[in-house]
Amino acid sequence: MKYENILAKNVRGIVTLTINREKAMNALNKHVFNELEHFFAVSAPKKKNLKGIIITGAGEKAFVAGADIKEFLDFKGDDAMDVSARGQGVFDLIEKFSKPVIAAVNGFALGGGCELAMACHMRIASDRARFGQPEVNLGIIPGYGGTQRLPQLIGRGRALEYLMTGDMIGAEDAYRMGLVNHVVPHGEEVKKAKEIIEKIASKAPIAVAKIIECVDDAYNGVLDGFDSEVRSFGAVAHSEDFKEGASAFVERRKAEFKGK
Ligand code: CO8
């Protein structure tokens, strides 16, 4: 598959994967999902001597500013559960990948972008990074695992606050809350991620793979919150408020929600 929305650069076994839609703040459209899926399911597992993968965003401003809101406008509510489940499936490939995957967060990581970063095994933030799940401003809820992974990382109370207010989290606060592993001066996030991957590459690969597997099992085994998220997402995606929220964003006006 020829990638057009992501760039994959392999330097001595560390692949830097750049989401490459700078003009749209690297928003995740269906093509990005297709390419990410192909990369993690087909291309990366075949790479010999792969040490790890770094995911970052093109340009200076955004890691990924969310799912592509413009794609939602001709979206039929009936497709919503499929879209949510598909996004979760692609992010699960990242979470379950047997080598370290690190998000180098170079700017806004909002909505699906925050969810992508949280699906990675670790997050390195530029001091300019800003995180958040602003879906509530659009009249929907996170659909790619955000209601599950945010509480796992920062705790239930804080996660509920950020999910319900849609407020953004700055890099230092993200560090204090455990959302990111390190904060570095802007522009040094990929370098820091490489240092960590090089260190892990010196450890036993099967042990590393098992650590990833065991940690994931602990989080994903007991309650199936992900299923519940898919059902709830399907329900909110039928609402008038979702159409209003997405239209208001594109028209650059304040949304007027009706609770319908
Ligand atoms: N989708 C599409 N385009 C976007 C997005 C996005 N998420 N974010 C930014 N863009 C575009 C803008 O429309 C603009 O394009 P244009 O120049 O053609 O008008 C360009 O990127 C630059 O954006 P701004 O002019 O807005 O730049 P600012 O620096 O003023 O603001 C922000 C940057 C704060 C990042 C702002 O763009 C913003 O708030 N973006 C939206 C953030 C957001 O709400 N993200 C959540 C999206 S919903 C989501 O991710 C749901 C996940 C689950 C979905 C399941 C699907 C069924």
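The values are calculated or read from the model by the stated rules, or taken from the named source; none is laboratory data. The structure presented is a predicted model; accordingly, all values stated were derived computationally and were not measured. Ideal geometry is used to build each Cβ from the backbone, glycine not excepted, and the neighbour counts take in all protein chains shown. Just the protein is used for accessible areas: all its heavy atoms, side chains included, with ligands, DNA and RNA removed. Shrake-Rupley method; radii C 1.70, N 1.55, O 1.52, S 1.80 Å.
Of everything in segment 133-151 that is surrounded by 24 or more Cβ atoms within 10 Å (Cβ to Cβ) and closer than 17 Å to Met25 by Cα, the residue that is farthest from the ligand (Cβ to nearest atom) is Gln133. Does Phe75 satisfy the criteria of being surrounded by fewer than 19 Cβ atoms within 10 Å (Cβ to Cβ) and in contact (Cβ under 8 Å) with a residue 60 or more places away in the chain? Spelling it out, Phe75 is indeed surrounded by fewer than 19 Cβ atoms within 10 Å (Cβ to Cβ) and in contact (Cβ under 8 Å) with a residue 60 or more places away in the chain.
Counting residues that are within 17 Å of the chain's Cα centre (by Cα) and charged (D, E, K, R), which strands (runs of 3 or more DSSP E) fully inside segment 33-109 reach at least 3? Steps first, answer last, please.
Details: elements: 52-57, 62-64, 101-105.
Passing ranges: none, list empty.
Residues in segment 23-32 that are open to solvent by 10 Å² or more (accessible area, probe 1.4 Å) and either over 17 Å from Gly111 (Cα atoms) or part of a helix (DSSP H, G or I) (or both): Lys23, Ala24, Lys30, His31.
State whether one or more residues within segment 156-166 are without any contact (Cβ under 8 Å) to a residue 24 or more places away in the chain and open to solvent by less than 10 Å² (accessible area, probe 1.4 Å). Among the residues of segment 156-166, at least one is without any contact (Cβ under 8 Å) to a residue 24 or more places away in the chain and open to solvent by less than 10 Å² (accessible area, probe 1.4 Å), which makes the answer yes.
When we screen Ala209, Ala218, Ala159 for residues that are in a helix (DSSP H, G or I) and at pLDDT 95 or above, the only hit is Ala159. Go over the candidates Asn49, Asn20, Asn10 one by one and state the one that is open to solvent by 10 Å² or more (accessible area, probe 1.4 Å), within 16 Å of the ligand (Cβ to nearest atom) and in contact (Cβ under 8 Å) with a residue 12 or more places away in the chain. Being open to solvent by 10 Å² or more (accessible area, probe 1.4 Å), within 16 Å of the ligand (Cβ to nearest atom) and in contact (Cβ under 8 Å) with a residue 12 or more places away in the chain holds for just one of Asn49, Asn20, Asn10, which is Asn20.
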